[in-house]
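This report refers to the structure that appears directly beneath it.
The values are calculated or read from the model by the stated rules, or taken from the named source; none is laboratory data. None of these values were measured; they are calculated from a predicted model. Methodologically, a virtual Cβ is constructed for each residue, glycine included, from the backbone with ideal geometry; neighbour enumeration extends over all protein chains shown.
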Amino acid sequence: MKYFARELDHIERWGYLRRDLFRNEEPRIKLVGMTAPTEEMVAQGISTETLPAYTARQSHESEGTREDDLRLNKKLISWGHHTCLEAVQFVYYVTGISKSLAGQWTRHRIGIGWTFRSTRYVKANKNMFIYPALEYIDSEDQVKAVYQAYDREHRHAMDVYDELQKLGVRNQELRRLMPVGWSTAAYVYVNARSLRHFFGLRLEKSAEWEIRRMAYLMYNDAMDIAPTLFEDLMHEEARK
Ligand SMILES: Cc1cc2nc3c(=O)[nH]c(=O)nc-3n(C[C@H](O)[C@H](O)[C@H](O)COP(=O)(O)OP(=O)(O)OC[C@H]3O[C@@H](n4cnc5c(N)ncnc54)[C@H](O)[C@@H]3O)c2cc1C
């Protein structure tokens, strides 16, 4: 983890206490696809990262090397010429996130879409839970006590779930018993422009910890692929 490592470490400070909790799940993101130029374009030196600048050259009918395009990406971003960032689309598979996070994430409407695991069609018997980070509590004993309370409530929710399922209640009603910490998984389809907007809002310390934790993970991945499209979003303090 190269970027926002300190922030992520702080959120994860009690992660070791969660390992043995009932059906605990931690977040994971996996890039499963992204826009790639055609073979003809690759032969000309165009890559996923340089597609925005390459296509933006249309406006002046200019030409440039790969290095020129990487520089142009940064200029386009600083000028607010952002439509060309829609040239690049990412597909991530995200697991170990809560329904609470999903509620916040799906408020983002432009240039982004999802396929979430259904709670109507998929049996929830093996479903997991996302425990809170509690990074703002300094006492380990206190954190352990809070986690035990969550552990107890999650077991209780699953017991009632099983009880009502045996009585013939369907998945679509059973899911109402589950807390918002219930885990879900999704494929997300997002273009680079929309991903930047998401980062701008959700890497901020004012963002809720769970969506911020996911934003840190996604940001590190995006920076590995196309740094010139995202590096200006790094906070001054995170660069140190
Ligand atoms: C720290 C934080 C706290 C929040 N707290 C709350 C809260 O308490 N309650 C709550 O309900 N929500 C809350 N939100 C959600 C927030 O209000 C937005 O719904 C969410 O962040 C999505 O942002 P967006 O609309 O900019 O994104 P998108 O929907 O992806 O939109 C991207 C951009 O497109 C433009 N756009 C999109 N739709 C329109 C439109 N219809 N008309 C004109 N321009 C448009 C805007 O410029 C917008 O910024 C919070 C968000 C953050 C980051």
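Mind checking which helices (runs of 4 or more DSSP H) fall wholly inside the range 176-240 and carry at least 1 residues that are under 24 Å from Asn24 (Cβ atoms) and touching a Lys or Arg at 6+ places or on another chain (Cβ under 7 Å)?
Once the helices (runs of 4 or more DSSP H) in the range 176-240 are filtered for at least 1 residues that are under 24 Å from Asn24 (Cβ atoms) and touching a Lys or Arg at 6+ places or on another chain (Cβ under 7 Å), what remains is 192-202, 209-225.
With Arg193, Arg213, Arg170 as the choices, which residue is within 17 Å of the chain's Cα centre (by Cα) and either of a type in the set (Ser, Thr, Tyr) or farther than 24 Å from Asp151 by Cβ (or both)?
Every option except Arg193 fails the conditions.
State all residues of the range 99-141 that are hydroxyl-bearing (Ser, Thr, Tyr), modelled with pLDDT of 95 or more and either away from the ligand (no atom under 16 Å from the Cβ) or loosely packed, with under 15 Cβ neighbours inside 10 Å (or both); if no residue qualifies, say none. Quick ask: steps written out before the conclusion?
Of the residues in the range 99-141, the ones hydroxyl-bearing (Ser, Thr, Tyr) are 100, 106, 115, 118-119, 121, 131, 136, 139.
Filter once more, keeping what is modelled with pLDDT of 95 or more: 100, 106, 115, 131, 136, 139.
Within the range 99-141, Thr106, Thr115, Tyr131, Tyr136, Ser139 meet the criteria.
Does Val94 count as touching a helix residue (DSSP H, G or I) at 6+ places or on another chain (Cβ under 9 Å), touching a residue at least 12 places away in the same chain (Cβ under 8 Å) and loosely packed, with under 15 Cβ neighbours inside 10 Å?
So Val94 fails the test.
When you scan the range 142-153, do you find a residue that is within 16 Å of the ligand (Cβ to nearest atom) and at negative phi, even just one?
no
Is it fair to say Ile225 is within 26 Å of the chain's Cα centre (by Cα), more than 16 Å from the ligand (Cβ to nearest atom) and farther than 30 Å from Leu85 by Cβ? First the steps, then the outcome.
Working: within 26 Å of the chain's Cα centre (by Cα): yes; more than 16 Å from the ligand (Cβ to nearest atom): yes; farther than 30 Å from Leu85 by Cβ: no.
It is false that Ile225 is within 26 Å of the chain's Cα centre (by Cα), more than 16 Å from the ligand (Cβ to nearest atom) and farther than 30 Å from Leu85 by Cβ.
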